[in-house]
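**Student:** One structure coming up, written as structure tokens, with questions to follow.
The values are calculated or read from the model by the stated rules, or taken from the named source; none is laboratory data. None of these values were measured; they are calculated from a predicted model. Don't worry about glycine lacking a Cβ; one is built from the backbone with ideal geometry, like all the others, and counts go over all protein chains shown.
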Amino acid sequence: VVKNKADHRLCQRTNLFKFRGPDIVVVCAAKAYLMNKKSNFSPKLKTAIDAAERAAAISRDYYHSNFTVTTKADLTPVTQADIECEQVIREVILGQYPDDGFYGEETGKTEGLGDDLWLVDPIDGTKAFVRQYPFFSTQIALMHNGQLMLGVSCGTMFDETIWAERGKGAWLNGQRLGVSNIEDLSKATYSTGNIKSLSKSGGWSRLAEIVAVSDRIRGYGDFYQYHLLAAGKIDAVIESDVSILDIAALSVIVTESGGIFTDMNGNPPDLQTSSVLAANPSLHLKLLNRFKGVID
């Protein structure tokens, strides 16, 4: 509990805290952990976590308030929260790295002077946000010369921030994550996200075969299914309709947790990626053999 103005200012300056009401703060575990591990993670990862936490604070404040929803040209919703979240992420990142490129869901792509490009979805799951169920998140990734290097996924209403950096693992509140070791398709738990395109293709019958033999199948959707996969709590994720901004950070997280993350044809993520097949190594090849070629 913050007892005086001096303590309040200290909490604001450190960026280690987020406010729950005017006087109560909780430690942002991701930031605190990184400060204790200064030598292990890059400055850009620390900046990404800071930006994600700041954006999450904005979306959290808007979540139960009245806000205006407008429809973009692609018929998807956007709110003032989306716009403000992306603005603060852009300010934090480009304030530190002004020569980097920036590709945001709301502001589009701005080329940088170097080889680094930030991929940002300020509120991934805006439809969930609008209808007030908690499966939305902030997604920030960094791509260097076409290769994804780090990712931060902040599940705002879950108080769950997972981060990963190439070669350094995936972490949640100081605990390193790892995928499951389930090898049998019939013993695995699966999650599906957006599968509209799959339903219109020959892949629909392939998915039905998986459903028929699976131990369990659910549609956790959006960021949360990938958090579960990275933590070994489910075993595979299948999606046929995504944007790279939705899954760039999550692909780094799953990969650094020991999983394999490709599109449904086995290709690694790039700016054109539109589908996902992600699983532990034992299951991925078996699933790829079933789904490869069923969608473009």
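**Student:** Which count do you get for residues in the stretch 168-202 that are under 21 Å from Ala279 (Cβ atoms), outside any helix (DSSP H, G or I) and at pLDDT 95 or above?
**Tutor:** Going through the stretch 168-202 one residue at a time, the tally reaches 18.
**Student:** Also, quick follow-up: Can Glu239 be described as surrounded by 23 or more Cβ atoms within 10 Å (Cβ to Cβ), acidic (Asp, Glu) and not assigned by TED's automatic domain parsing to the domain that holds Glu105?
**Tutor:** For Glu239, the condition - surrounded by 23 or more Cβ atoms within 10 Å (Cβ to Cβ), acidic (Asp, Glu) and not assigned by TED's automatic domain parsing to the domain that holds Glu105 - is met.
**Student:** Kindly provide the set of residues from the stretch 62-114 that are part of a helix (DSSP H, G or I), in contact with a helix residue (DSSP H, G or I) (Cβ under 8 Å, 6 or more places away or on another chain) and of a type outside the set (Ser, Thr, Tyr), ordered by number. Give the steps one after another, and end with the answer.
**Tutor:** Residues of the stretch 62-114 that are part of a helix (DSSP H, G or I), as a first pass: 62-63, 80-96.
Still in the list and also in contact with a helix residue (DSSP H, G or I) (Cβ under 8 Å, 6 or more places away or on another chain): 62-63, 80-82, 84-86, 88-89, 92-93, 96.
Of everything in the stretch 62-114, those that are part of a helix (DSSP H, G or I), in contact with a helix residue (DSSP H, G or I) (Cβ under 8 Å, 6 or more places away or on another chain) and of a type outside the set (Ser, Thr, Tyr) turn out to be Gln80, Ala81, Asp82, Glu84, Cys85, Glu86, Val88, Ile89, Val92, Ile93, Gln96.
**Student:** Still on this model: Pick from the stretch 212-227 the residues that are within 12 Å of the chain's Cα centre (by Cα) and outside any loop (DSSP other than H, G, I, E, B): which of them is surrounded by the most Cβ atoms within 10 Å (Cβ to Cβ)?
**Tutor:** Taking the stretch 212-227 as the starting set, the residues that turn out to be within 12 Å of the chain's Cα centre (by Cα) are 221-227.
Remaining after also requiring outside any loop (DSSP other than H, G, I, E, B): 222-227.
Numbers: Asp222: 23, Phe223: 30, Tyr224: 22, Gln225: 26, Tyr226: 32, His227: 26.
Taking the candidates together, the pick is Tyr226.
**Student:** Still on this structure, please answer the following. Can you spot a residue in the stretch 156-166 that is surrounded by fewer than 18 Cβ atoms within 10 Å (Cβ to Cβ), closer than 30 Å to Leu113 by Cα and not acidic (Asp, Glu)?
**Tutor:** yes
**Student:** Looking at Gly125, Gly101, can you tell me which residue is on the phi > 0 side of the Ramachandran plot and not assigned by TED's automatic domain parsing to the domain that holds Ser243? If you could, list the steps in order and put the result at the bottom.
**Tutor:** On the way: Gly101 fails: on the phi > 0 side of the Ramachandran plot.
Of Gly125, Gly101, the one residue that is on the phi > 0 side of the Ramachandran plot and not assigned by TED's automatic domain parsing to the domain that holds Ser243 is Gly125.
**Student:** Restricting the stretch 245-264 to residues that are in contact with a helix residue (DSSP H, G or I) (Cβ under 8 Å, 6 or more places away or on another chain) and outside any helix (DSSP H, G or I), which is surrounded by the fewest Cβ atoms within 10 Å (Cβ to Cβ)?
**Tutor:** Gly258
**Student:** Within the stretch 260-271, does at least one residue satisfy the condition of being modelled with pLDDT of 95 or more and over 30 Å from Lys109 (Cβ atoms)?
**Tutor:** First pass over the stretch 260-271, keeping only residues modelled with pLDDT of 95 or more: 260-271.
Within this subset, residues satisfying the condition of being over 30 Å from Lys109 (Cβ atoms) are none.
No, the stretch 260-271 has no match at all.
**Student:** Next up: Considering (1) surrounded by fewer than 20 Cβ atoms within 10 Å (Cβ to Cβ); (2) within 25 Å of Tyr226 (Cβ to Cβ), say which one Thr110 fails and leave the rest.
**Tutor:** For Thr110, the failing item is (2).
**Student:** Cβ contacts < 8 Å: first residue in contact (Cβ under 8 Å) with a residue 12 or more places away in the chain and farther than 19 Å from Val152 by Cα, restricted to the stretch 103-121; second residue charged (D, E, K, R) and surrounded by fewer than 13 Cβ atoms within 10 Å (Cβ to Cβ), any location; separation 6+ or different chain. Result?
**Tutor:** Once the first residue is in contact (Cβ under 8 Å) with a residue 12 or more places away in the chain and farther than 19 Å from Val152 by Cα and sits in the stretch 103-121, its partners that are charged (D, E, K, R) and surrounded by fewer than 13 Cβ atoms within 10 Å (Cβ to Cβ) give Gly112/Asp99; Leu113/Asp99; Gly114/Asp99.
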